[in-house]
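Report on one structure; see the data block that follows.
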């Protein structure tokens, strides 16, 4: 979507949809690019509702307030609604393995001096962690692999590798947590199943002690279908994206609310 062209067209597109006593209007563009706060942090947009007031070959314009609008990239929406339809829009938001938004405050139980429990909610600005559902391992190399998957960025620069796994519907996690004496015979590894348009099956990320590198294996129906050796830690995101990420996470979910029909995109 040509955002500069859309910005130039907006006064014409919203004409007649802004009250006469308001001289300015605001709009947000949703084109698959990450949103950044005034403090420079990546943020995840909230779902919103509105009325479709215009459609072009490239964009859909939704009125969300008296003088506020949202512009959706037409190539990314899941449905193309008719003008006048009331819609609910869900732009992409990073999520955790439990399905909640990754920017959901983390809850932790603390105790008072006399032993009474209370709940503390913590939220770090700019933080949207997606922690692997794996308990603290004893193997240092497995600990390091978990830390790298949770903290290293995916190639898009917005998500972490674990967000990429969530978007690939990663589940059924298993892991190998060997003693130091068994690290070569039974390498530390994390396995999980994924389901994307690119690959459906089981993925294993394992540590190769001899080379101090990783390998990534793809299995389907118990058979090895692909193995990538000599993966450096800073190439894990790129390798996993190439193997399992189909890009569908960028889609903008648009659902027509009762009253009007939509055209399936």
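Taking the stretch 105-132 on its own, how many of its residues are surrounded by 12 or more Cβ atoms within 10 Å (Cβ to Cβ) and at pLDDT 85 or above? So the count comes out to 5.
Strands (runs of 3 or more DSSP E) fully within the stretch 1-111 that include at least 2 residues being farther than 30 Å from residue 167 by Cα: 48-55, 106-111.
For the stretch 10-31, the candidate set comprises residues that are in contact (Cβ under 8 Å) with a residue 24 or more places away in the chain and surrounded by fewer than 17 Cβ atoms within 10 Å (Cβ to Cβ); within that set, the residue that is nearest to residue 92 (Cα to Cα) is 28.
Would you check if there is a residue in the stretch 110-127 being closer than 28 Å to residue 176 by Cα and out of contact with any helix residue (DSSP H, G or I) (no Cβ under 6 Å at 6 or more places or on another chain)? Among the residues of the stretch 110-127, not one is closer than 28 Å to residue 176 by Cα and out of contact with any helix residue (DSSP H, G or I) (no Cβ under 6 Å at 6 or more places or on another chain), which makes the answer no. Summed over the stretch 32-56, residues that are touching a residue at least 60 places away in the same chain (Cβ under 8 Å) and under 22 Å from residue 88 (Cα atoms) total 5. Among the residues making up the stretch 233-246, those that are out of contact with any helix residue (DSSP H, G or I) (no Cβ under 7 Å at 6 or more places or on another chain) and modelled with pLDDT of 95 or more are 235, 238, 239, 242, 243, 244, 246.
When the test is whether a residue is farther than 24 Å from residue 155 by Cβ, buried (at least 16 other Cβ atoms within 10 Å of the Cβ), at pLDDT 90 or above and not assigned by TED's automatic domain parsing to the domain that holds residue 159, residue 60 passes it.
The values are calculated or read from the model by the stated rules, or taken from the named source; none is laboratory data. Since the model is a prediction, treat every value here as computed from it, not as a measurement. As a convention, Cβ positions derive from the backbone with ideal geometry for all residues, glycine included, and neighbour counts pool all protein chains shown.
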